[in-house]
Amino acid sequence: MNTGARPGLSSRTHREALGSGAAGGRRRRRSGAVGRRRATRGGRGSGSKRATTRMEELTSLLRGARTRAHAKTEAKEKVDANDDEEQQEQQEEEVVVGRKDQEQQRLFSNLDAETLEHRPGSVVGSISLVAGTTVGAGILALPAVTEAAGYAPSSAVIVGCWAYSCVTGLLLAEVNLRLMCELGRGGVSMLSMANSTFGAPGRYTAGATYVFLHYALLVAYLARGGELVAQMAEVSPGLASVAFCGLLGTTVYMADSTSLDRVNTALVFGVVASFFGILLVAFANFDPHNLAHSDASAVASCVPVVALSFVYHNIVPIICSSLEGDRRKIAVSIAAGTSIPLVMFLLWNAAILGYSLDGAEQVGEAVDPLRALQEDPGVGSYITAFSLLAVATSFIGFVLGLVDFLSDALGLPTNSKNAVPFSLALLPPTAFAVVYPDAFLSALEYAGTYGVLALFGVLPAAMAWRTRSEGSSEGDKRNFGRMVPGGTATLALVGGSSLVVIIQQTLINLGATQQ
């Protein structure tokens, strides 16, 4: 009995035991699953950390690359900026050096007395002044004095006188610039130059010759201008000369330098325009056989008037002051300003001498080729306009030169509007032109021989020789460069050639020799 009871008990115990084992198995399975899930989550967490670390490393590398690229860009920009600054500084230095060079080229600065504004003269204005002063009454007398020699010989004389005028003008400028540096002022006239180089004898000789030349030329200009005005206005030549002097003299006195430059430039353009009008009409009736005549023995007789035709030397001191002592600008103004008249004289001589005149194959002393052409209805109006404008431009230049000279002689400031030197410059020649209205050609001949060749031929060479001999040191040669190359032999040739012509013409005038 006891045996049967125990199996029952064991069976329940056994079920409990099985239940307990099953529960343990389930717990073990849950525990394993939980462990696997934890392990899986643990693995996933470590992988995510590694990925995050890699992303941070890549981000750091990108940032470093960007920083290095930015640094390189900034460095390049700094280098470019430094290069630009260096280039700008170099350009500024070049500008400063250029300004210093320009300041060294000029000796001083022209300032307005009231506003202190810098008013330098222009090269174009100086060229116009030289050309306008040169193309004056001399060109009107060229056909009359060159017709006997013929075109080819007279053309050689024209070219030679042009070269001579350039050399003597540059010699005057050289002496003028040296004296401006020594005296410390501009406006050094011919009188001051002669006095500084040769003392009182040179001053009085140059003064008398200068006044004689200018008065003789102003007489010729007023006589010719009055004649032209009288023909147009149908009044007496004397009254026309007074009107001509009054109009131009008032213009020169009232106008400032800038306005006078413009007036003179306009007149020069008018001269050129009317000149080419004459050439067009004259060459239409041109006969080249008229230029075949040649007589070399008559060359000497035309030298004084041809040399007179290239006179502008009286305004060299004005140009030196206007251009502030700039040697290059002065040389350009003289060379270019005289080259324009050279071309005009050669063409003018060919047009007038080659013009076919009815009823006369050769023109003697009794007939002036220009006057004969002036009566031609086709070209007469052009010749009248050209003659009047040419006389006007030359008149302005010589009035300015004489006023400057007289102001210096009287101790008055140059380039000033003082009525005394203007009156002394204009009244005497006007009175002479009224009394002697036919003194045009004779006044030119005497002015060319005893005025131009002495004052603007012998004297410039002598003054240049004196100043060069006094300043023969190396430092002086460096500071005062020669505007004409050559030494004493060149200066002797320049001065001696003028003396030969003066002596020859004096003998002709005295009747000791024939032309």
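The values are calculated or read from the model by the stated rules, or taken from the named source; none is laboratory data. Here the structure is a predicted model, which means the values were calculated and not measured. Please note: Cβ atoms are built from the backbone with ideal geometry, for glycine as well, and neighbour counts cover all protein chains shown. Note: accessible area is taken over every heavy atom of the protein model, side chains too, but ligands, DNA and RNA are not part of it. Shrake-Rupley method; radii C 1.70, N 1.55, O 1.52, S 1.80 Å.
Overview of results
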read-out	value
Lone unmet requirement of (1) at pLDDT below 90; (2) open to solvent by less than 40 Å² (accessible area, probe 1.4 Å); (3) not β-branched (Val, Ile, Thr) for ALA454	(1)
Residue list for segment 276-311, restricted to those being more than 30 Å from LEU455 (Cα to Cα) and open to solvent by less than 60 Å² (accessible area, probe 1.4 Å)	GLY277, ILE278, LEU279, VAL281, ALA282, ASP287, ASN290, LEU291
Filtered residues of segment 150-183 (kept if hydroxyl-bearing (Ser, Thr, Tyr), closer than 16 Å to ALA307 by Cα and open to solvent by 10 Å² or more (accessible area, probe 1.4 Å))	SER155, TYR164
Out of THR209, THR250, sole residue that is open to solvent by 50 Å² or more (accessible area, probe 1.4 Å), β-branched (Val, Ile, Thr) and assigned to a helix (DSSP H, G or I)	THR250
Members of segment 374-391 that are open to solvent by less than 10 Å² (accessible area, probe 1.4 Å) and among the aliphatic types (A, V, I, L, M)	VAL379, ILE383, ALA390, VAL391
Matching residues in segment 212-237 - criterion: being surrounded by 19 or more Cβ atoms within 10 Å (Cβ to Cβ) and over 14 Å from ALA137 (Cα atoms)	VAL229, ALA230, PRO237
Tally of residues being in contact (Cβ under 8 Å) with a residue 24 or more places away in the chain and closer than 12 Å to TYR355 by Cα across segment 285-314	6
Condition check for PRO428: assigned to a helix (DSSP H, G or I), under 30 Å from VAL263 (Cα atoms), open to solvent by 10 Å² or more (accessible area, probe 1.4 Å) and at pLDDT 85 or above	yes
Residues within segment 381-411 that are free of Cβ contacts under 8 Å to residues at least 12 places away in the same chain and in a helix (DSSP H, G or I), tallied	1
Any chance VAL484 is in contact with a helix residue (DSSP H, G or I) (Cβ under 7 Å, 6 or more places away or on another chain), in a helix (DSSP H, G or I), open to solvent by less than 50 Å² (accessible area, probe 1.4 Å) and modelled with pLDDT of 80 or more	no
Counted residues, segment 227-255 - those being closer than 17 Å to ILE383 by Cβ and in contact (Cβ under 8 Å) with a residue 24 or more places away in the chain	5
Close pairs (9 angstrom Cβ cut-off, 6 or more residues apart or separate chains): in contact (Cβ under 8 Å) with a residue 40 or more places away in the chain and under 15 Å from GLY136 (Cα atoms) in segment 262-281, of a type in the set (Phe, Trp, Tyr) and part of a helix (DSSP H, G or I) anywhere	GLY270/PHE386; VAL271/PHE386; SER274/TYR382; SER274/PHE386; PHE275/TRP348; PHE275/TYR382; PHE275/PHE386
Subset of segment 306-358 [in a helix (DSSP H, G or I) and among the hydroxyl-bearing types (Ser, Thr, Tyr)]	SER309, SER321, SER322, SER333, THR338, SER339
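Listed here are the residues, each with its yes/no results for (1) out of contact with any Lys or Arg (no Cβ under 6 Å at 6 or more places or on another chain); (2) modelled with pLDDT of 85 or more; (3) surrounded by 12 or more Cβ atoms within 10 Å (Cβ to Cβ).
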| position | (1), (2), (3) |
| --- | --- |
| ASN415 | yes, no, yes |
| VAL435 | yes, yes, no |
| GLU445 | yes, no, yes |
| TYR450 | yes, yes, yes |
| MET463 | yes, yes, yes |
| GLU474 | yes, no, no |
| LYS477 | yes, no, yes |
| ALA489 | yes, yes, no |
| GLY511 | yes, no, no |
